[in-house]
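Participant: This is the structure, below, for whatever I ask next.
The values are calculated or read from the model by the stated rules, or taken from the named source; none is laboratory data. These figures come from a predicted structure and were not determined experimentally. All Cβ positions, glycine included, derive from the backbone under ideal geometry; neighbour counts span all protein chains shown.
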Amino acid sequence: MPIFRLAVLMLLALVLTGCGNMTKYTSVESMGDLNATPPLDAVAATAQYLAMRVPGVIASTAVVTDHEITTAVQVRGFDRLRLKKIREEVKAQIQSAYPNHQAFVTTDKKHFQQIKDLGPLAVTDPRAPDVISKISKINREIVAP
C-alpha cells in the first residue's frame, strides 16, 4: 500500500509541474525586425557547423567581421589528398548560407590556430583594429598562398 501511495504522489507531482510551465507565445509584430542581421557569433557558429558537415573535416573554427567569414578547417588522413575540393565545398556551403558575406576558407594548420585564438576577441570586440588587421592579413594569405 505505501508503494501505491508513493506512485500516486509522484504521478500527481509530475502532472502539476508539467501543466504549470506553459510558455507564452508572442505575435510576429512583437518579435521585431525579422530581416535584421544575425549576431556575428551566430554567423561564426553556423559557418563552423556548415564546415563540419563536409566529409573529411574533423574540426573547424570561424571568425566573422562585417562582411567577411574566415573559416579554417582541419582534415583527416587520406582526405588531405582532396584539400582543394574540401575548401571549395566548405566555401560553397557558407556562401549559400550567407550570400552577403565573402567567405575565406583555409586548411592551413597555422591559420587554424590563429583563427581559433582570434575567435573570442572577435566576438567581444569585432571592430577592434588589431583584430581586423590580423583577420585581413590571414585573408590576404588565404587568397594569395
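Participant: I'm trying to understand the selection: among the residues of the stretch 109-130, which are more than 11 Å from V63 (Cα to Cα) and either modelled with pLDDT under 90 or out of contact with any helix residue (DSSP H, G or I) (no Cβ under 8 Å at 6 or more places or on another chain) (or both)?
Facilitator: First, pick out the residues of the stretch 109-130 that are more than 11 Å from V63 (Cα to Cα): 109-111, 113, 124-125, 127-130.
Scanning the stretch 109-130 gives K109, K110, Q113, T124, D125, R127, A128, P129, D130.
Participant: Something else now. Please verify whether the stretch 88-108 includes one or more residues that are closer than 21 Å to V143 by Cα, in contact (Cβ under 8 Å) with a residue 60 or more places away in the chain and over 12 Å from the mean Cα position of the chain (by Cα).
Facilitator: No - not one qualifying residue is present in the stretch 88-108.
Participant: Could you run through the stretch 69-89 and say how many residues are at pLDDT 90 or above and either of a type in the set (F, W, Y) or within 30 Å of A128 (Cβ to Cβ) (or both)?
Facilitator: 7
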